[in-house]
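Below: the structure, in structure tokens.
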Amino acid sequence: MAENVSGLAEGQSADQAPPMVSFENVTKTFNSRETGGRSFNALDDVSYSVPAGAITGIIGRSGAGKSTLVRLVNGLEKPSSGRVIVDGTDVSGLDEVALRSVRRSIGMIFQHFNLLSSRTVYDNIAMPLEIAGMSKQDIKKRIEPLIDLVGLSERTRHYPAQLSGGQKQRVGIARALASKPKLLLSDEATSALDPETTQQILSLLKTINRDLGLTVLLITHEMEVVKAVTSRVAVMDQGQIAESGRTFDVFTAPQHETTRSMLAALPGGSLPDWIGRQVIPEPQPGCNALIRLRFFGETADQPLVSRLMTVLGSPVNIIAGTVDEIAGEPYGTLYVAYSADPEVMANAQQFFSKTGLNAEVVGYVA
Ligand SMILES: Nc1ncnc2c1ncn2[C@@H]1O[C@H](COP(=O)(O)OP(=O)(O)OP(=O)(O)O)[C@@H](O)[C@H]1O
Ligand SMILES: [Mg+2]
């Protein structure tokens, strides 16, 4: 139950929880010089619910409309039509005063951290509370545990220029949490970080989601990020939600071309080049069939390849493979080749049907 580690009560799935954010037929039209003054839909009739308590990813290519979507959540943009409901409040019609109180229940972290260079770590984190008029004592009480949580206790007197990118983002996270938000919006918060630091920040977000029960809406163009921390994902393409669902389902059985091509960039997501170049679409006499096997759920931990060899009575060459984890569930891809002889192929097919193994003929190799 991936959802349970994401801050939901026992027995409660993300589908049953009331949504933290709902987009209802949201269209956002811009009239910009870039489009020659013509109107252009950055969001085009988007309906989508972000479940409370989970980490949900929004992924898409540059210009897909991801940032526009988050800007609608905190009221920085208004929809041209449709409604945006945040924790039960329709934010699309609110004035600035009412928006200010909604924004206090929303934390936000950014790609470039947006820290004040003239303020220390402590003072950056304290800033939203100072603005809200909280006393120095109360601020201290509120933010000291946060500084511990993000692992910056040794650096409270440092200035942003003295910090690494990962440390700066930790400051950003602590500052976002200072006003005790219910929702954390993250727009490309790891995009400026190296892969190792990215993983550390993602694991901090996971901890926060689990321990504080905070709903996280994570915007990214990196499939690796979605794979590592989200339990749900929506794939955006040209202002629309191309597909959405459990991250594991979307990643293992992508329906939309955009999802497929973005997944191909993941390790093991596509055939290695050296073998890809040799693949021919139709069988030739004496050639081998190239098969992609996918392992998940019950098939993930069975010795299926050795059983396949026994069933076929002919060699099975292992070409390439990866074993991975998507949203905390094991998932493997293995490319194998065996004789394209019709009888061997039929036996293999029978074996796949019987064992429930997901197998696909990718092509043929001489
Ligand atoms: N204020 C604006 N005026 C005119 N066009 C805009 C405005 N804001 C966004 N757009 C356009 O809307 C589209 C979606 O932009 P958005 O920033 O939401 O994309 P994105 O998915 O966040 O992309 P990226 O991954 O590059 O951040 C783009 O074509 C962008 O140029
Ligand atoms: Mg963006």
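The values are calculated or read from the model by the stated rules, or taken from the named source; none is laboratory data. No experiment lies behind these values; they were computed from the predicted model shown. No Cβ is skipped: glycine too gets one built from the backbone with ideal geometry, and neighbour counts run over all protein chains shown. The protein model used for the area step is the full one, side chains on, heavy atoms only, and it has no ligands, DNA or RNA in it. Shrake-Rupley method; radii C 1.70, N 1.55, O 1.52, S 1.80 Å.
Of all residues in the range 254-277, those satisfying the criterion of being part of a loop (DSSP other than H, G, I, E, B) and in contact with a strand residue (DSSP E or B) (Cβ under 9 Å, 6 or more places away or on another chain) are Pro254, Gln255, His256, Leu266, Pro267, Gly268, Gly269, Leu271, Pro272. Within the range 125-176, being more than 30 Å from the chain's Cα centre (by Cα), more than 16 Å from His112 (Cα to Cα) and either at pLDDT below 95 or not in a helix (DSSP H, G or I) (or both) holds for Ile131, Ala132, Gly133, Met134, Ser135, Thr156, Arg157, His158.
Within the range 58-72, residues that are open to solvent by 20 Å² or more (accessible area, probe 1.4 Å) reach partners that are among the β-branched types (Val, Ile, Thr) and more than 8 Å from ligand 2 (Cβ to nearest atom) with beta carbons closer than 8 Å, at six or more positions or on different chains, in the pairs Arg61/Thr258. The single residue among Glu96, Glu77 that is within 16 Å of ligand 2 (Cβ to nearest atom), over 30 Å from Ala264 (Cβ atoms) and more than 22 Å from the chain's Cα centre (by Cα) turns out to be Glu77. Taking (1) polar (S, T, N, Q); (2) buried (at least 19 other Cβ atoms within 10 Å of the Cβ); (3) over 30 Å from Ser47 (Cα atoms) in turn, Thr259 satisfies each apart from (3). If you check Glu257 against the conditions, is it assigned by TED's automatic domain parsing to the domain that holds Leu202 and among the acidic types (Asp, Glu)? So Glu257 fits the description; yes.
When Thr220, Thr215, Thr207 are screened for being over 20 Å from Ala126 (Cα atoms), within 16 Å of ligand 2 (Cβ to nearest atom) and not basic (Lys, Arg), only Thr220 passes.
Comparison of Ser191, Ser203 shows that the only residue that is open to solvent by 10 Å² or more (accessible area, probe 1.4 Å), part of a loop (DSSP other than H, G, I, E, B) and over 20 Å from Pro51 (Cβ atoms) is Ser191.
Just name the residue that is surrounded by the fewest Cβ atoms within 10 Å (Cβ to Cβ) out of those in the range 162-188 that are among the hydroxyl-bearing types (Ser, Thr, Tyr) and more than 16 Å from ligand 1 (Cβ to nearest atom).
Top of the filtered list is Ser164.
Only one entry of Thr322, Thr310 meets the criterion of being surrounded by fewer than 17 Cβ atoms within 10 Å (Cβ to Cβ), out of contact with any strand residue (DSSP E or B) (no Cβ under 7 Å at 6 or more places or on another chain) and outside any loop (DSSP other than H, G, I, E, B), and that entry is Thr310. So which residues in the range 217-253 are at pLDDT 90 or above and assigned to a loop (DSSP other than H, G, I, E, B)? Matches in the range 217-253: His221, Glu222, Thr230, Ser231, Gln238, Gly239.
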